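The values are calculated or read from the model by the stated rules, or taken from the named source; none is laboratory data. The model shown is predicted, which means the values in this text are computed figures rather than measured ones. We place every Cβ from the backbone using ideal geometry, glycine too, and count neighbours over all the protein chains shown. Heads up: the accessible areas ignore ligands, DNA and RNA and are worked out on the full protein's heavy atoms, side chains in. Shrake-Rupley method; radii C 1.70, N 1.55, O 1.52, S 1.80 Å.
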Amino acid sequence: MTAPDISSPRPPSQIARRFKRVASVVLALFATFLGLLLVTFIIGRVVPIDPVLAVIGERASQAQYEAAREALGLDKPMWQQFGIYVWNALQGDLGQSLLTRRPVAEDIARVFPATLELATIATIFGILAGIPAGVLAATRPGSWIDQLVRLIGLMGYSMPVFWLGLMGLLLFYGMLGWVGGPGRLDAVHEMMFELEVRRVTGMILIDTALAGQWEMFRNAVSHIILPAGVLGYYSMAYISRMTRSFMMNELSQEYITTARVKGMPEWRVVWVHALKNVMVPLITVIALSYANLLEGSVLTETVFAWPGLGLYITNALFSADMPAVLGGTVVVGLVFVGLNMFSDVLYRLVDPRAK
């Protein structure tokens, strides 16, 4: 009987594999963040805006200009400027806004909950309406339901968001009075919100509900329903189109034919077996749609005077406030990276083959 070869390498343990996977994710996240900072740093240096003049004004003397340039660290080599920029960003310092004279991170923390609230409600609407519409269209290809879903999706891709928002305000607010106007609250409720409601999340619906201010809560709902509906319509168009495409491919698989031959009810074949497998790629679609709403609602926030991240970046861009623009860009990039990682985690939970 021969002794076992103890010199042969052993397979890595499950803990080691998990540690390696986590380490690779962390390294990829850091590399992505570093690349994002590099892009924003280069943009901040190539735009035809002098950051020194933006701070001290055009009437400053040459001595004041040189002193401000040295204070901003612009007299240092480019590689050293980038190192300082990365170090400050890792500490949460994104610079100071030239428009508000406050730290950019503080401004973004104040306006981002409004965008988060709007995009979340719009995405929920897109999911609840888009997935059933896409499934029904896929199960009845060529029918009037299929044609209707495709038409609604086509209109969602074709109509400009600012036009749809203006028409919605004109009809539902100006003519019918069914919803609230621009802003997150009426002027009276907004003043009461600042004085009487403790900001826990920054999202008005949650904070007013936690404070028991139900009249203010209803007023906030009347204001958010129209902009969320506009964004949710675009989300629904995208999700329904992708759901239809995924479902039509899945319904042509052999296991679906086998289930039908065995006499399984059609609703179970479609809504349980096929939809379960469709949810795997659909998670990524929903995550990307959510990320697009978080960063791409600039026009919607402008039309509805919604004080979110998109409106903040737009105002900063018009005012040549580059620290605010670049800080907002970094946050938008982090949102995309974070949602991609979250969708990857959900992907592994839904699909055991990915573990």
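Mind checking the per residue accessible area of the chain for me, 1.4 Å probe, whole number of Å²? Intermediate values should be presented prior to the final figure.
On the way: 20640 Å² over 355 residues.
About 58 Å² of surface per residue is accessible.
How many percent of the accessible area of the range 120-244 is carbon or sulfur, using a 1.4 Å probe?
Numbers: 4630 of 6660 Å².
Using a 1.4 Å probe with all protein chains present, the range 120-244 comes out at 70 percent carbon and sulfur.
Determine, at each q value in 0.10, 0.11, 0.16, 0.18 (inverse angstroms), the log₁₀ of I(q)/I(0) that the Debye formula gives when each Cα of the range 217-355 is one equal point scatterer.
For the range 217-355 at q = 0.10, 0.11, 0.16, 0.18 Å⁻¹, log10 I(q)/I(0) is -0.51, -0.59, -0.95, -1.06.
Diagonalise the Cα gyration tensor of the chain and give the resulting equivalent ellipsoid semi-axes, square root of 5 times each eigenvalue, largest first, whole Å. Before the final figure, lay out the partial values.
Working: eigenvalues 351, 241, 70 Å².
They are 42, 35, 19 Å, listed from largest to smallest.
Taking a cut-off of 21 Å, what percent of all Cα-Cα pairs in the range 88-199 are separated by more than that? Present the calculation step by step, with values, prior to reporting the outcome.
Working: 3978 of 6216 pairs.
Here the tail beyond 21 Å accounts for 64 percent of pairs.
Along the range 306-320, what does the Karplus equation 6.51 cos²θ - 1.76 cosθ + 1.60 (θ = phi - 60°) give for ³J(HN,Hα), rounded to whole Hz, x for Gly and Pro?
Once rounded to whole Hz, the list reads 8, x, x, 5, x, 5, 5, 5, 4, 4, 5, 5, 5, 9, 6.
Between the range 154-180 and the range 242-274, what's the alpha-carbon centroid distance in Å?
The distance from the Cα centre of the range 154-180 to that of the range 242-274 comes to 37 Å.
Translational D (Stokes-Einstein, µm²/s) of the range 74-154 at 4 °C and 1.567 mPa s when Rh comes from the Kirkwood sum over C-alpha pairs?
Numbers: Rh = 17.1 Å.
Calculated translational D: 76 µm²/s.
Which residue, Val230, Val188, Leu205, has the largest displacement toward the positive end of the dipole of the range 188-328 when charges sit on each Cβ (Lys, Arg +1; Asp, Glu -1)?
Selected residue: Val230.
Under a crude label model (7 Å from the Cα following the beta-carbon direction), how far is Glu254 from Arg198 in nanometres?
Going by the 7 Å Cα→Cβ label model, 6.2 nm.
Out of residues 5 or more away from Gln96 or on other chains, whose amide H comes under 5 Å of its own, with H placed 1.01 Å from N in the peptide plane?
Close amide H contacts, sequence-distant or interchain: Val104.
What fraction of the Cα pairs in the range 166-267, stated in percent, has a spacing above 22 angstrom? Write down the numbers at each step before the final one.
Values: 2824 of 5151 pairs.
Of the Cα pairs, 55 percent sit more than 22 Å apart.
Given contacts defined as C-alpha pairs under 8 Å and at least six residues apart, what's the relative contact order of the range 150-289, whole-number percent?
On the way: 96 pairs, mean separation 36.2, N = 140.
Relative contact order, the range 150-289: 26 percent.
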